[in-house]
Each structure stands twice: as C-alpha cells, then as structure tokens.
C-alpha cells in the first residue's frame with residue numbers, strides 16, 4: 001500500500017450525510033442560478049432549497065434513530081454525537097420556516113429583496129428613473145425610428161401607449177415576479193457552515209465553518225428592497241465587526257496551538273490537565289477564542305452589531321440569523337467549553353459570570369429604551385444569550401440538555417415573531433416604530449394575539465416554551481452552584497418583561513391612528529412559517545417532555 005493511500009482518512013458518509021446534502025445542494029443551487037431562465041428560477045430554487053433542507057432533516061432523524069454510535073470522522077475534524085445531531089435537527093427544522101419567509105412575495109410585492117443587485121438607489125428611485133426614460137422616449141417617439149426604439153423586442157410599443165421598452169418591461173416584471181433568487185444558495189451555504197460549526201472537533205475546522213456561515217449572511221443583510229442604504233450600512237457593519245471578531249478567534253487558535261501542539265479539542269483538554277507550558281498561553285488563547293464565539297452568539301458586551309443589523313437587514317434575514325446563528329454559535333460554545341476546557345472550569349467560570357451578567361443587564365436595560373420593534377427584539381436576544389450562557393457554563397448533563405432545549409424553543413418563537421413584524425406596514429414598507437403598533441388589537445386581532453403570545457413566551461410566562469426553557473436552564477445552574485447568577489437572571493427577567501408588556505399594552509389599550517399603518521394579509525409561505533412557530537411554542541410549553549427526553553442523556557464525544 002502506498003504512503004498516500006495509507007494516509008487517507010476514513011470517512012463515515014452516513015454520519016456526515018446531512019452536511020453533505022446541504023453543502024452539495026448549495027453547489028447545485030449555484031448551478032441552477034446560473035443556468036435557469038429567470039422566469040422559472042425563483043420557483044425552482046425555492047422548491048429545491050426546501051427539498052435539500054427536508055432531506056437533510058430526514059438524514060438526521062435516520063441517524064438519530066438508527067442506534068449508530070457517536071463517531072469522529074474526516075480525520076477527526078467532525079464529531080457526530082448526540083448533541084451534534086440535536087443541533088443539526090434544530091438548525092434544519094428552523095431553516096424550513098426561515099426559507100418560507102425569505103421566499104414570500106405576497107407581503108412585499110416582488111419579495112423583500114432587490115431584484116437588481118447593481119442598483120445604487122432605492123427601489124422607488126429605480127422606478128422613477130424608468131418612468132423618466134419612458135417619458136423621454138414618448139416625447140421623442142414621433143418618428144418611426146424612435147417608435148421602433150421604444151417598442152422593443154417584446155412588443156411593448158404596440159400596446160397603444162408606446163411608452164415602454166422591452167428591457168424596461170422585463171426589468172419591471174422581474175421586480176414584481178421573481179426578485180432576488182441568489183438568496184437560496186446563500187442560505188444553503190450559511191446553513192452548511194452552521195452544521196459544521198457546531199460539530200467541529202478541532203478549532204481550525206471551526207474557524208473555516210465560521211467564515212462559511214458568515215460570508216453569505218453579510219451579503220444577505222445588504223439586499224433589502226426597501227431602505228437600501230440602511231440595509232447596506234448594516235451589512236458593512238456586520239462585515240467589519242465580523243472580520244474583527246474572526247481575527248480574535250484566529251489569534252486565540254494560534255495561542256492554543258502553541259500551548260497544546262494541536263488544534264483538536266481533546267488534545268487541548270489533555271494539555272490543560274497536565275502541561276508544563278505557561279498557562280498564559282492557555283487562558284490568553286481561551287479569552288481570544290471566547291471573544292469570537294460570543295460575538296457570533298450576540299452575547300453582551302460583544303453584541304454591538306446586533307441592534308443595527310437586526311434593524312437594517314430584511315426581516316426574513318433577521319429571522320434566519322436570530323434563530324439559526326444563535327443555535328450554531330451556542331452549539332460551538334457548548335462543545336468548546338465541555339470538551340476542551342472542562343478540566344479548567346474553575347479558572348474561567350468567574351470571568352464568564354461577569355459576561356453573563358453584563359449580557360443580561362445590557363439586553364434588559366437598553367431594551368427598555370428602544371422605540372423600534374426590531375431593535376427591541378435585538379436587545380431581547382442579547383438578554384436571552386445571557387440566560388443561555390448559564391446553561392453553557394454548568395458543564396453538566398442537565399445544563400447541556402437545558403441549553404439545547406432553550407435553543408430550539410427560542411428559535412421557533414423568534415422566527416414566528418419576525419414573520420409577524422413583517423406584516424405591519426406603512427407607505428415606506430415595514431412599520432417597526434412602536435407608535436405604528438398602537439391599536440393593533442383593534443385593526444388585526446389575530447396578528448395582535450399571536451404577537452402577544454410570542455412576547456409572553458419571550459418573557460417566560462407559563463404554558464409557553466419560554467417558561468419551560470428558562471426553568472430548565474435556571475434549575476441546571478442552581479444545581480451547579482450558580483445561585484447568585486440565577487438570582488440576577490430572575491431580576492433581569494422581571495425587568496425585561498416590562499418592554500414585552502409595553503408592546504402588548506400599546507396594541508390593546510391605545511387607539512389606532514386614522515392614517516396608521518395597515519396589516520398585510522400574509523401569503524401561504526408566511527402563514528405556514530408563523531403558524532409553525534406559534535404551534536411549536538405552545539407545544540413545547542404544554543408538553544415539553546418529548547424534546548427534553550431526547551436532550552437528556554446526550555453527551556459530547558471526546
């Protein structure tokens with residue numbers, strides 16, 4: 001046997017089938033984007049994306065129920081164990097309503113994404129420019145030559161008006177019908193990066209996955225049809241701060257490699273248990289690594305990108321980021337803390353206590369000052385990241401299962417809530433200022449009731465998934481000796497409940513403005529996404545035992 005053959009790693013294709021399906025589907029989606037005509041491209045891309053996500057979810061279910069043992073594969077790059085399969089299932093399940101929101105064309109005619117990615121102005125400015133060109137063509141259309149120019153190849157000049165060129169009709173039709181179909185391969189690549197990120201068993205693979213999931217999100221944030229400048233500004237902020245945090249992650253990786261002579265999490269754990277090298281390399285590397293991970297998870301005080309990006313990005317992209325990115329980030333945090341640094345928990349736990357308190361307090365206090373619904377939910381996510389950190393720090397089976405359940409519950413609540421936010425609209429698009437939501441209970445009782453239920457879930461009211469998730473996380477933290485931190489979390493939960501209730505009071509106890517925003521009737525895609533989120537939020541609050549039973553007993557390999 002040749003040296004090359006003997007050095008080839010063994011690959012368990014069955015174990016990594018969900019990752020292969022999603023990343024392979026992303027590559028095929030790029031080809032579809034390049035080869036299909038634009039008239040059918042949107043429908044085909046949507047159907048194919050949903051097919052890939054469902055196929056990946058089925059592969060996770062088959063692997064989870066087959067009784068196959070946990071394995072590391074791809075030369076130890078990926079660990080396919082119980083927590084990884086749970087996180088994969090959560091990500092793929094959350095991707096289904098997220099893709100439906102991304103593909104909706106009913107709430108915003110033509111979709112929420114700009115159809116012409118090279119345009120510099122707002123969609124309204126583009127329309128005015130087309131009308132100006134049409135007017136010029138009409139004024140100069142007296143001669144047969146001018147009429148031939150404005151008539152175009154699609155016969156627009158023969159419709160009696162003679163005011164529109166073929167290219168103008170095609171662009172306008174494309175704006176109205178298809179929109180920006182590149183979002184589908186972007187979503188699949190981001191989803192594939194998330195799957196690898198939370199299952200990576202070495203830091204180098206984790207860094208590569210971090211970049212794979214981040215780059216498509218940077219692009220998606222800047223493609224809003226409405227409020228283009230705000231959308232592009234959010235994309236630039238996210239990109240610059242994301243690159244900065246990635247540099248921290250990479251420097252931390254380098255220090256840990258210098259300490260352990262390896263980037264594998266198990267090797268770092270062994271070195272931390274009995275190495276003669278200075279601990280400054282170990283804890284310096286961990287500190288830099290934590291900055292990169294906490295940034296991606298929107299944990300305060302590394303949250304500065306979150307409010308601006310949540311507000312500026314298209315709402316469907318915000319829903320995808322708020323749910324799926326947090327799941328992937330906390331999946332990686334759980335694996336790094338448990339596998340690589342579980343033996344040094346008493347050295348770093350005090351620092352993370354301060355981080356968790358800062359995240360909860362920042363999210364709750366600054367959330368009180370917000371007048372924009374999307375920014376308010378952004379600060380809510382910062383507070384919830386602090387709650388999640390309690391379970392992640394426990395490094396116990398109860399803490400692991402509680403955190404996994406919390407991620408699933410929070411993800412479906414958030415996706416449904418952003419779907420409802422997209423329905424309240426004014427003349428300039430989504431009306432996210434709190435004043436626009438006054439009297440919503442009278443204008444649209446169903447939407448107001450759904451928003452109320454989801455807000456109560458975020459506040460942790462009983463009979464919702466939020467109450468069960470918080471109870472599980474706080475119980476795990478109490479059992480692990482973090483009583484002062486749980487007391488802080490309870491106080492912060494009470495403070496944060498104020499801005500959830502403030503919106504509910506505004507919807508039901510304020511009079512709607514005569515010229516106030518309207519509530520759009522959602523199309524089938526948005527309806528399914530919202531309904532799925534509300535139903536899961538209710539079921540996980542009333543009968544959570546099935547999911548908690550799956551999460552109990554899971555452990556990381558390594």
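The values are calculated or read from the model by the stated rules, or taken from the named source; none is laboratory data. Quick caveat, the model's predicted, so the values are computed rather than measured. Neighbour counts run over all protein chains shown; Cβ positions are idealised from the backbone, glycine included.
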| field | Single match in 525, 498 (criterion: touching a residue at least 40 places away in the same chain (Cβ under 8 Å), in contact with a helix residue (DSSP H, G or I) (Cβ under 8 Å, 6 or more places away or on another chain) and farther than 20 Å from residue 93 by Cβ) | value | 498
| In the stretch 454-469, which residue that is part of a helix (DSSP H, G or I) and crowded, with 23+ Cβ neighbours inside 10 Å is farthest from the chain's Cα centre (by Cα)? | 468
| Options 292, 252; residue that is surrounded by fewer than 24 Cβ atoms within 10 Å (Cβ to Cβ), in contact (Cβ under 8 Å) with a residue 12 or more places away in the chain and assigned to a helix (DSSP H, G or I) | 252
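When you check residue 481 against the structure, is it part of a loop (DSSP other than H, G, I, E, B) and more than 25 Å from residue 227 (Cα to Cα), yes or no?
Numbers: part of a loop (DSSP other than H, G, I, E, B): yes; more than 25 Å from residue 227 (Cα to Cα): yes.
The answer is yes for residue 481.
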| request: Answer yes or no as to whether residue 373 is in contact with a strand residue (DSSP E or B) (Cβ under 9 Å, 6 or more places away or on another chain), in the same structural domain as residue 259 (by TED's automatic domain parsing) and farther than 28 Å from residue 259 by Cα. | output: yes
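Condition check: modelled with pLDDT under 90, more than 27 Å from residue 181 (Cβ to Cβ) and in contact with a helix residue (DSSP H, G or I) (Cβ under 7 Å, 6 or more places away or on another chain). Does residue 70 satisfy that? So that I can check it myself, show each step before the final result.
Working: modelled with pLDDT under 90: yes; more than 27 Å from residue 181 (Cβ to Cβ): yes; in contact with a helix residue (DSSP H, G or I) (Cβ under 7 Å, 6 or more places away or on another chain): yes.
Spelling it out, residue 70 is indeed modelled with pLDDT under 90, more than 27 Å from residue 181 (Cβ to Cβ) and in contact with a helix residue (DSSP H, G or I) (Cβ under 7 Å, 6 or more places away or on another chain).
Only residues that are under 30 Å from residue 449 (Cα atoms) and in contact (Cβ under 8 Å) with a residue 12 or more places away in the chain: list them for the stretch 540-558, please. Outline the logic, then answer.
Restricting attention to the stretch 540-558, the residues satisfying the condition of being under 30 Å from residue 449 (Cα atoms) are 540-548.
Within the stretch 540-558, 540, 541, 542, 544, 547, 548 qualify.
Looking for something part of a loop (DSSP other than H, G, I, E, B), more than 15 Å from residue 341 (Cα to Cα) and within 30 Å of the chain's Cα centre (by Cα) - is there at least one such residue anywhere in the stretch 259-275? Steps first, answer last, please.
If we filter the stretch 259-275 for residues that are part of a loop (DSSP other than H, G, I, E, B), which is where we start, we get 261-263, 275.
Still in the running and more than 15 Å from residue 341 (Cα to Cα): 261.
Next, only the ones that are within 30 Å of the chain's Cα centre (by Cα) stay: none.
The answer is no, given that none of the residues of the stretch 259-275 is part of a loop (DSSP other than H, G, I, E, B), more than 15 Å from residue 341 (Cα to Cα) and within 30 Å of the chain's Cα centre (by Cα).
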